[in-house]
Amino acid sequence: MFVTDIRKEFYEVVANQRVVLLVASDMDALCACKILQALFHCDQVQYTLVPVTGWQDLGTAFLEHKEQFRYFVLINCGANVDLLEMLQPDDDSIFFICDTHRPVDVVNVYNDTQIKLLIKQDDDLGVPSYDDIFRDEDDDEEGGDSGNESDESSEPTGKRRRFDEVHVAVSLMFEVVLLQGAAAMMFFELAWVLTKDTKDMLWWAIIGLTDQWVHDKITNMKYVTDIATMQRHVSRHNHRNEDEENSLSIDCMRISFEYDLRLTLYQHWSLYESICNSSYTSCNFKLWTLNGQKKLQEFLADMGLPLIQVRQKYNSMDMSIKENLRDVIEESANKYGMKDIRIQTFGVHFGFKNRFLASDIVHATAALLESTEKDESDSNNFIKALDSLSRCNIERLHHGIELAKKKLIAIQQTVASCICTNLILSQGPFLYCYLMEGTPDVKLFSKPMALILLCKYLLKAFVHSTRNKRCKLLPLIMAAPKDVEKGTVIVVGIPPESDTSDKKNFFGRAFEKAAESTSSRTLHDHFDTSIMELKTEDRSKFLDALITLLS
């Protein structure tokens, strides 16, 4: 059931209870978690935080806590499966689900006793009426298809019901609905309604939104619309704090709207390295070619910036150059066809010294979340990433930025290698690339966020470099070694590269069907259905089935 009043139907219900927070391992979920934690601290709500990386983790966490807790809050997980069927909870367990993944399972939509969906109705899910989806078992003989599998669920009427053919159609419709609205923004709006919103909460909501843009989960139109919403909140907070005595104190926090460059981490790197390792500039220049390198040198010359300035850390550049650097870069970029090198975003100052863009925080925290250093557990990485979002942990954030730089360099080098050695193959209805064991930094790409970022960068680079017009319209499937000892690979699928693309991803259901038809040994454990694990020896037959299915 959709929650219409998040304050009354969610917050006031859990405010006097002990709650379990089940939080997915992604940036938006981390930011939403920070906001909710801050609200719970305000009202002294008792809660237990449990990070979950997939469905198995979610099931285990529920089993461990179901005896002590009745209320469960799921952040960026749980909406796209029949949760009651999966967890088999007692009748008194209540689940509040704030999940940006689609499809939303229709059983969750129509259960108004145990499932409460914290999803905005204006996300246009196109939900059909209850009677169009379910019918009594008594009605099966009236033109029903006796071959359909029957599903049981706890429905408002208490009767046993089952899906009919309409449910299949609705599931397919939901399967391709775009990921909508950041979860962090949803919880910030709750804080605003409760008049307990702070600048820290606002900043976390901005990071959650920026994460969706950085990882290409929302359209540019949705991003710009949500940026405008956040800008109004920033103006309100800045106006409210104008007269405060501590507005210039050393530990103050200032958020500002920026029209900044699409150069990743450039304020914490050298300008040259940022241009080389940002997908936007690297793909436009085709930096994996000699001509691309030559064009980059021409671009730097056109800007009139001394090479010694461009190659040293941004913080060490002359102030006279930094003052109008954005305008100089934009002017030269326009000549080279990069008309949208500047993007609407937000920046933050912590005291006088530390300044970050929202995208800097996203890259840094994502690098901490998927760190492969010291083989730390997923839960340890989760806690470190969560801590880095607090402004008292600046050192950890700077460490995350260093890890992010290494990751971006690894992605850029892998893209160049794949393009130059023709590792991207056209398989008919899609493009395919497999990273062999032994590829440099291959361990890094066993993590889903890093692999998806590589996948999107690689597809963009391929589209810029190929002359085959048909290939420019194809989606990309990429596989990388996951666990060599177990003999598994991680597989992701992304939609075609397009500026006007609505980012719809059809691969979730296709992966399931292909695995089912070939009896491939797969693990669909990720909350994002377009990511799965597969036994290495089953890779060939799985791909063949996928080609047949999508042709």
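Taking only Cα atoms of the chain, what ratio of Rg to Rh do you get with Rh as the Kirkwood inverse-distance radius? Answer for the chain: 0.97. Only lysines eight or more places from Lys472 in sequence, or on another chain, were considered; those with a Cα closer than 22 Å are Lys217, Lys286, Lys339, Lys456, Lys460, Lys503, Lys504. In segment 8-48, taking the dipole from charged Cβ atoms about the Cα centre, the farthest positive-side position among Met27, Tyr11, Gln46 is held by Gln46. For the pair Asp483 and Glu331, the difference between a 0.36 nm per residue extended length and the Cα-Cα distance amounts to 50.0 nm. Computed extension gain for Glu298 through Thr198, at 0.36 nm per residue and net of the alpha carbon distance, reaches 31.4 nm. Backbone geometry of segment 261-275 corresponds, through the Karplus equation with coefficients 6.51, -1.76 and 1.60 at θ = phi - 60°, to 3J(HN,Hα) couplings of 7, 8, 10, 5, 6, 5, 7, 10, 9, 8, 4, 5, 5, 5, 4 Hz, x marking Gly and Pro.
Here the dipole of segment 6-124 is about 400 debye; that uses its Cα centre as origin and unit charges on the Cβ of Lys and Arg (positive) and Asp and Glu (negative). FRET efficiency for the Gln17 to Leu290 pair, using the beta carbon distance and R₀ = 60 Å, is estimated at 0.40. Normalised per residue, the accessible area of segment 322-430 is 43 Å², obtained with a 1.4 Å probe and no contribution from ligands, DNA or RNA. About its Cα centre, the dipole of segment 254-365 is roughly 200 debye, where the only charges are +1 on Lys and Arg Cβ and -1 on Asp and Glu Cβ. With r defined as the distance between the Cβ atoms of Gln231 and Met1 and R0 fixed at 45 Å, what FRET efficiency is calculated, to the nearest 0.05? Plugging the Cβ-Cβ distance into 1/(1 + (r/R0)^6) gives 0.90. Ignoring any ligand, DNA or RNA, what whole percent of the accessible area of the chain comes from carbon and sulfur when the probe is 1.4 angstrom? It is 49 percent, rounded to a whole number.
Between the amide H of Leu49 and those of Leu21, distances stay under 5 Å, these residues lying 5 or more places away or on another chain, with hydrogens modeled in the peptide plane. Placing a label point 7 Å from the Cα of Asp340 along the Cα-to-Cβ direction, the residues of segment 218-239 with a backbone N closer than 18 Å are 218-229. Computed over the alpha-carbon pairs of segment 252-409, the distance histogram in 10 Å steps reads 10, 37, 34, 16, 3 percent, short to long. Estimated from helical segments only, the mean residue ellipticity of the chain at 222 nm is -13500 deg cm²/dmol, where each DSSP H run of four or more residues counts as -39500 (n - 2.57).
Using the Cα coordinates of segment 423-550, the gyration tensor eigenvalues translate into equivalent-ellipsoid semi-axes of 22, 17, 14 Å, sorted from longest to shortest. The heavy atoms of His464 present about 70 square angstrom of accessible area, all protein chains included, probe 1.4 Å.
Trypsin sites (Lys or Arg not before Pro) within segment 460-496: which are DSSP loop residues with at most 12 other Cβ atoms inside 10 Å? Filter output for segment 460-496: Arg467, Lys469, Arg470, Lys486.
Just for the chain, what percent of DSSP beta bridges are antiparallel, to the closest 5?
That works out to approximately 60 percent antiparallel.
Note on Gln413 and Cys392: their simple-model spin labels are 3.8 nm apart, each label 7 Å out from Cα toward Cβ. Tell me, how many Å apart are the Cα centres for segment 297-335 and for segment 481-551? Between the Cα centre of segment 297-335 and that of segment 481-551, the gap is 43 Å. Legend: calculated FRET efficiency, His239 to Cys420, from the Cβ-Cβ distance at R0 = 41 Å, rounded to 0.05, equals 0.20.
The values are calculated or read from the model by the stated rules, or taken from the named source; none is laboratory data. Just so we're clear, the structure is a prediction, and the values are computed from it rather than from any experiment. Cβ coordinates were reconstructed from backbone atoms using ideal geometry, including for glycine residues, and neighbour counts include every protein chain displayed. Accessible surface is based on the protein model in full, side chains and every heavy atom, while ligands, DNA and RNA are left aside. Shrake-Rupley method; radii C 1.70, N 1.55, O 1.52, S 1.80 Å.
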